[in-house]
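Below is one structure, written out as structure tokens; the observations come after it.
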Amino acid sequence: MPAEPAAVPRIAMRAIRKAFPGVLALDGVDLALRPGEVHALLGENGAGKSTLIKILTGAVRRDSGEMWLDGQPIDPGSTGEAQAAGISTVFQEVNLIPTMSVTKNMALERAAGRFGMISWRKAREQARAKLARLGVDIDIERPLGSFSVAVQQLVAIARALEDNTRVLVLDEPTASLDAKETTALFSIMRELKARGIAVVFITHFLEQVYEVGDRITVLRNGRLVGTAAASDVSRPDLVSMMIGRELGEVERAFSEKDAMAAGPVRLSARGLGRKRVLEPFDLILRQGEVVGLAGLLGSGRTETAKMLFGAISADAGELTVMGTPTRNAAPRQSLRAGIAFCPEDRKAEGLVAELSVRENIMLSIQSKQGWLKRIPRRRQDELAREMIAALGIATPDAEKPVGQLSGGNQQKVVLARALASNPSVLLLDEPTRGIDVGAHAEIIKLIRKLCKDGLALLVASSELDELVAATDRVAVLRDRAKIGEISGEQITRDNIVRMIAGDDGRAD
Amino acid sequence: MINAKYLPLAATVTVFVALFLVGGMMYRNFLSTLVLGHILADNAFVIIAAIGATFVILSGGIDLSIGSMIGFVGVCMAVLDQAGWHPLASAALLLCFGILFGAMQGYLIDFCEIQPFIVTLAGLFLLRGACFMVSLDSVPIRHEFVQTFATTRIPLPGRGFLTSSAIVMLLSLAVAIFIAHFTRFGTNIYAIGGDKESARLMGVPIRRTTVMIYGLGGFYSALAGVIYALYTSSGYPLAGSTTELSAIAAVVLGGTLLTGGVGLVAGTVFGGMILGLISTLIIFHGSLNSAWIMISSGMLLFGFIVLHRFLVGSFDLRGSS
């Protein structure tokens, strides 16, 4: 390593706090970057990685806390200011303009020129020189969108790197790269490191963290879990740090679970998969059984649930619903066949915040009936009352807009809506995302109760304790492939963590 | 291989040339600089307005206030003429007004995060109402400068000539091409239209640029109003109605995507000329009524949009999932 851990860190962030309306995104987080290191920043969805990075790079202002760059206090108010100070960023999903040429993308707000004019000859020279430093040789006059994502990524990095760059932030740079492209990117990262640049590497691929990272910082729910040298943390420890144990108070109800015998098969997938989305997998859901989907962010949890529902179409394998094989299931057919799906992001995909509790519950039944057959108001009120009582939705009456309820109660409305159509299979994606611990336990109890009532359930969750508490069987996913299944007594945190971390002797 | 960027422009120019040749085969004397000069003169104000609209549309926005601006500038010039103002003085004043009005629209769009469609629709009503406040009738402009403007012309090879409105249009085009392709501001317009969020993260000042874009649009519509008033030597409160739609049509025919980010100012000029050529062809025919101008323009517009879908689809790699 060229640079010794210096007394003065390149970047020091201390007690950073940031609240967005309704969410405390960061709660007193510290981060220290040394010159010439690749620093991996890890955490599940909503852990606060992106917010921390946006604060570092000036895209978001912090509420409180302090920041130093090489010992000097800084407070960047825009990405431009941060850039000028030497902090460059490549945001997630290549944030460049695909419709513009490579030259123009590189020159945007960067090119030298007098009186607001741009000298394209100079801009082209600069673009070529910058790309050459990364060993990229492409036709810079072509629109950026016509190149592969890997090349676009390299252009974004080349653009971000100025002569004065001291910190480079790469937010999920490998998310859409293949193995070869990733290796190439890593050698560039090592080169930058050798130049003394502090590289922040955000990813959810653990192997990559160990391959290229020097130190690791883990965030969870807006808090710092810890920072350590990569060589000092084992994979299972790392997974543990990321997933945490918030659910200590939810006990695994073995006696109850053991009493239940799994019923007939409701849904079975055989070799179901889609290229670049999900490796082919087998999965069976039985009546009276809760199956969990475990895995880190990006492991394919949501995709698996959506594929079973038909929201993502498969290009391989087959799906058997209630004993009838279906090709190319679509959500409409799945609903008819009695499969209901509660999506992860209830705001964007699940609920209509402005409509009342009753109206939201009615949506799925009404769509099943067709729009012409109106459900009598009396029947609607009755059903809404039933659901509110059955799920314990805390609302003064059925006419309250859903947006005004708490997160836990909103989630119950999502469940109520799915249940109102009387499904026999219920697919839940992150049923406890963003709700408090009390409501959390209630939702899990509810899942068990539904299972007892004869539903087949699938629960995709990033919280291991939730899976341990609620499920009879757990399918474990890693890197968009199902890697195994455990059931009964085997379902423990440690077992799942070990499987996710890949300590089962399986070569990566 | 030809850069994909120029494909839509090539298509536009091809259609223009083809239509011109069709005219030449149908009518004697059609293939002349005389006809070309007339098309330029008659459509100069629409094309000037369309050049301004090109910037707005390139940024992913829309400006519906163009036609009303043309009417408003016209009546104001006429009324100021009666008050003894020199047309050039009133033109200068009204061009400043156009910039300010457009900039205000741009500020509202960005600051209040309202769709450009609604803001400029309000601008449309506001300015058209203002036309009637200024004058209810057509007002002539009698200053001798109008005569000078009408008789100043540059002869072309053949019997044709460039009128002063055509000259102003070509100068506007030159300025627009310079802004679009040789300034930071122009590059920022393309960036905002390509992907506004990315542009913000790349450091483009969104508010300032948006205000400038609509200010520039306001300038070009006011200039179109000045040219229209001088060309017709009058101000009429209903002048320019629906010109904004012709301008948008010219922009689209010229190969600019309504979603923003892709297009060329030069294309717009050809787009406007195609519209002019169609009406000229139908007027030459004599027996066809003017309904056919609209119908054939509509069909052509439709064909172009479909064509663009394919051209863009061929180099857009984003929608992969």
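The values are calculated or read from the model by the stated rules, or taken from the named source; none is laboratory data. Quantities reported herein were computed from a predicted structural model and do not represent experimental measurements. Using ideal geometry, Cβ is built from the backbone for each residue, glycine included, and neighbour counts are taken over all protein chains shown.
Can you find even one residue in region B:194-202 that is surrounded by fewer than 24 Cβ atoms within 10 Å (Cβ to Cβ), closer than 23 Å to A:ALA158 by Cβ and among the aliphatic types (A, V, I, L, M)? Yes, some residue in region B:194-202 is surrounded by fewer than 24 Cβ atoms within 10 Å (Cβ to Cβ), closer than 23 Å to A:ALA158 by Cβ and among the aliphatic types (A, V, I, L, M). Within region B:216-253, being closer than 16 Å to B:PHE97 by Cβ, away from chain A (no Cβ under 14 Å), assigned to a helix (DSSP H, G or I) and not hydroxyl-bearing (Ser, Thr, Tyr) holds for B:GLY217, B:GLY218, B:PHE219, B:ALA222, B:LEU223, B:ALA224, B:GLY225, B:VAL226, B:ILE227, B:ALA229. When restricted to residues that are among the β-branched types (Val, Ile, Thr) and either on the phi > 0 side of the Ramachandran plot or in contact with a Leu (Cβ under 7 Å, 6 or more places away or on another chain) (or both), region A:457-482 contains 2.
Can you spot a residue in region A:256-273 that is charged (D, E, K, R), assigned by TED's automatic domain parsing to the domain that holds A:LYS54 and either at pLDDT 90 or above or assigned to a strand (DSSP E or B) (or both)? No, because not a single residue in region A:256-273 is charged (D, E, K, R), assigned by TED's automatic domain parsing to the domain that holds A:LYS54 and either at pLDDT 90 or above or assigned to a strand (DSSP E or B) (or both). From the residues in region A:445-480 that are touching a residue at least 12 places away in the same chain (Cβ under 8 Å) and surrounded by fewer than 17 Cβ atoms within 10 Å (Cβ to Cβ), which one is nearest to A:VAL425 (Cα to Cα)? Going through the qualifying residues, I end up with A:GLY454. In summary, A:ARG378 fulfils each of the numbered conditions (1) closer than 28 Å to A:SER268 by Cα; (2) at pLDDT 80 or above; (3) basic (Lys, Arg) with the single exception of condition (1). Might you let me know whether region A:101-109 holds any residue that is of a type in the set (Lys, Arg), out of contact with any Pro (no Cβ under 6 Å at 6 or more places or on another chain) and at the interface with chain B (Cβ under 9 Å from one of its Cβ atoms)? Yes, region A:101-109 has at least one match. Working carefully through the options B:LEU9, B:LEU40, B:LEU19, find the one that is surrounded by 23 or more Cβ atoms within 10 Å (Cβ to Cβ), over 24 Å from B:CYS131 (Cβ atoms) and touching a residue at least 40 places away in the same chain (Cβ under 8 Å). Every option except B:LEU40 fails the conditions.
Please verify whether A:ASN221 is surrounded by fewer than 21 Cβ atoms within 10 Å (Cβ to Cβ), at positive phi and not hydrophobic (A, V, I, L, M, F, W, C), treating the condition exactly as stated. Considered against the rule, which asks whether it is surrounded by fewer than 21 Cβ atoms within 10 Å (Cβ to Cβ), at positive phi and not hydrophobic (A, V, I, L, M, F, W, C), A:ASN221 comes out as yes. When the criteria are applied in full, A:GLU172 fails the requirement of being modelled with pLDDT under 90 and at negative phi.
Comparison of B:ILE206, B:ILE179, B:ILE213 shows that the only residue that is buried (at least 21 other Cβ atoms within 10 Å of the Cβ) and either within 13 Å of chain A (Cβ to nearest Cβ) or under 30 Å from A:THR57 (Cβ atoms) (or both) is B:ILE213. Here A:PHE115 fulfils each of the conditions (1) assigned to a loop (DSSP other than H, G, I, E, B); (2) within 13 Å of chain B (Cβ to nearest Cβ); (3) touching a Gly at 6+ places or on another chain (Cβ under 6 Å) apart from (3). Screening A:LEU415 with (1) aliphatic (A, V, I, L, M); (2) in the same structural domain as A:LEU351 (by TED's automatic domain parsing); (3) within 22 Å of A:GLY295 (Cα to Cα) gives one miss only, at (3). Listed by position, the strands (runs of 3 or more DSSP E) contained in region A:24-97 that have at least 2 residues being at pLDDT below 90 and on the phi < 0 side of the Ramachandran plot are A:87-90. All of B:MET26, B:MET1 fail the test of being at pLDDT below 90, surrounded by fewer than 18 Cβ atoms within 10 Å (Cβ to Cβ) and away from chain A (no Cβ under 14 Å), apart from B:MET26. Looking only at region A:132-163, count every residue that is without any contact (Cβ under 8 Å) to a residue 40 or more places away in the chain and hydrophobic (A, V, I, L, M, F, W, C) and tell me the total. Count: 7. I'm checking my understanding of the structure. Among residues of region B:284-308 that are small (Gly, Ala, Ser) and surrounded by fewer than 14 Cβ atoms within 10 Å (Cβ to Cβ), which one is nearest to B:GLY260 (Cα to Cα)? Among them, the one singled out is B:GLY303. For region A:119-144, filtering for residues that are charged (D, E, K, R) and facing chain B (nearest Cβ under 10 Å) leaves 3. Looking across region A:145-169, the residues that are buried (at least 22 other Cβ atoms within 10 Å of the Cβ) and away from chain B (no Cβ under 14 Å) come down to A:LEU154, A:VAL167, A:LEU168.
Of B:ILE47, B:ILE70, B:ILE51, B:ILE62, all but one fail to be crowded, with 19+ Cβ neighbours inside 10 Å and part of a loop (DSSP other than H, G, I, E, B); the exception is B:ILE62.
The residues listed here are A:PHE281, A:PHE341; of these, the one that is over 30 Å from A:LEU405 (Cβ atoms) and touching a Ser or Thr at 6+ places or on another chain (Cβ under 8 Å) is A:PHE281.
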